[in-house]
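The values are calculated or read from the model by the stated rules, or taken from the named source; none is laboratory data. This one's a predicted model, so the numbers in the text were calculated from it and none came from an experiment. A quick note on method: Cβ atoms are made from the backbone with ideal geometry, for glycine too, and the neighbour counts reach across all protein chains shown.
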Amino acid sequence: MINDLIIILFFVIISSFLGLIGGIILLKSKKIAYKLSYIFVAFAIGALLSTAFLDLLPEALEKGNNIENVFISALIGILIFFLIEKFVIWHHHHTYGEKEKHSYNSLVIIGDTIHNFIDGVILTAAFIVSPFIGITAFIAIVMHEIPQEISDFGILLHGKMKRKKILIISILSSLASVVGVFISYYFITSIEGIISPIIGFSAGVFIYIAASDLIPETKKIISNKKSLIQILLIILGILLIWYTGQISHQFIHL
């Protein structure tokens with residue numbers, strides 16, 4: 001049990017570190033950061049949707065006794081993320097002036113912290129189900145976190161926050177994923193039957209992020225060449241997760 005927790009913590013810390021790379025690159029070079037964001041957004045769409053539909057939902061259905069509960073938990077995941085983002089976006093569109101900008105900075109940090117906490121919950125549930133499911137969830141989270149951190153760092157820079165402060169706050173915010181690991185690990189190992197709803201919830205979160213946050217970003221690209229690259233990257237993300245799943249099933253049946 002302790003070994004499982006150590007492995008989960010290792011991957012959570014690595015995912016947090018890799019996610020911060022996008023923001024750090026933005027602090028160094030805006031041009032490179034946005035080029036990276038363009039690449040990772042497309043790949044993340046495929047990785048998130050593939051993980052949700054090919055790994056998480058099938059596992060949740062297999063481990064749960066009630067199919068309806070799995071889809072309800074996925075719906076709850078979608079709604080919760082919608083409410084979190086709606087609150088932040090609503091506040092953003094109703095703030096004006098320098099004082100309010102700093103207030104919005106606080107909301108972005110709070111939103112990012114909650115997001116990191118949920119990432120910790122998702123990775124914990126995924127790794128408890130199977131190390132291979134955990135790895136696919138890890139890949140999907142990292143691919144999404146890089147463009148997400150670029151976006152968050154950009155907003156905080158726009159809000160006149162100093163670069164050093166942004167980096168320190170982002171590192172502290174990323175520690176929420178570790179808190180998510182400990183809390184979710186305790187409940188998953190203590191409460192019977194909770195793993196299926198958590199996995200369903202995780203699938204809902206992935207579907208929401210891909211459909212609501214990332215796919216609209218691809219619509220901003222009008223270049224035929226870049227659009228084709230994005231399509232290929234989305235397909236690559238799907239195939240990578242699918243192939244990882246195929247390998248996992250082969251190992252399971254050896």
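Observations on the structure shown:
- Within segment 207-218, residues that are touching a residue at least 24 places away in the same chain (Cβ under 8 Å) reach partners that are buried (at least 17 other Cβ atoms within 10 Å of the Cβ) and small (Gly, Ala, Ser) with beta carbons closer than 6 Å, at six or more positions or on different chains, in the pairs Ile207/Ala52; Leu214/Ala44.
- The set of residues from segment 1-29 being of a type in the set (D, E, K, R) and in contact (Cβ under 8 Å) with a residue 24 or more places away in the chain comprises just one member, Asp4.
- Residues in segment 188-204 that are in a loop (DSSP other than H, G, I, E, B) and not β-branched (Val, Ile, Thr): Glu192, Gly193.
- Search result, residues across segment 104-124 that are under 18 Å from Phe182 (Cβ atoms) and in contact with a Ser or Thr (Cβ under 6 Å, 6 or more places away or on another chain): Thr113, Asn116, Asp119, Gly120, Val121, Ile122, Thr124
- In a residue-by-residue description of segment 164-175, the property of being within 30 Å of Ile247 (Cβ to Cβ) and either modelled with pLDDT of 90 or more or aliphatic (A, V, I, L, M) (or both) applies to at least one position.
- Close contacts from segment 163-186, counting a first residue that is buried (at least 19 other Cβ atoms within 10 Å of the Cβ) and a second that is of a type in the set (Lys, Arg), with Cβ to Cβ under 6 Å and a gap of 6+ residues or different chains, come to none at all.
- Matching residues in segment 187-206 - criterion: being out of contact with any helix residue (DSSP H, G or I) (no Cβ under 6 Å at 6 or more places or on another chain), of a type in the set (Val, Ile, Thr) and touching a residue at least 12 places away in the same chain (Cβ under 8 Å): Thr189
- The residue that is nearest to Lys165 (Cα to Cα), counting only those in segment 17-56 that are more than 14 Å from the chain's Cα centre (by Cα) and among the β-branched types (Val, Ile, Thr), is Ile24.
- So Ile215, is it at pLDDT 90 or above, part of a helix (DSSP H, G or I) and closer than 21 Å to Ile8 by Cα: no
- If the condition is being of a type in the set (Gly, Ala, Ser) and under 20 Å from Ala52 (Cα atoms), then segment 182-198 contributes Ser184, Gly193, Ser196.
- The numbered conditions (1) closer than 14 Å to Val108 by Cα; (2) over 22 Å from the mean Cα position of the chain (by Cα) are all true for Gln148 except (2).
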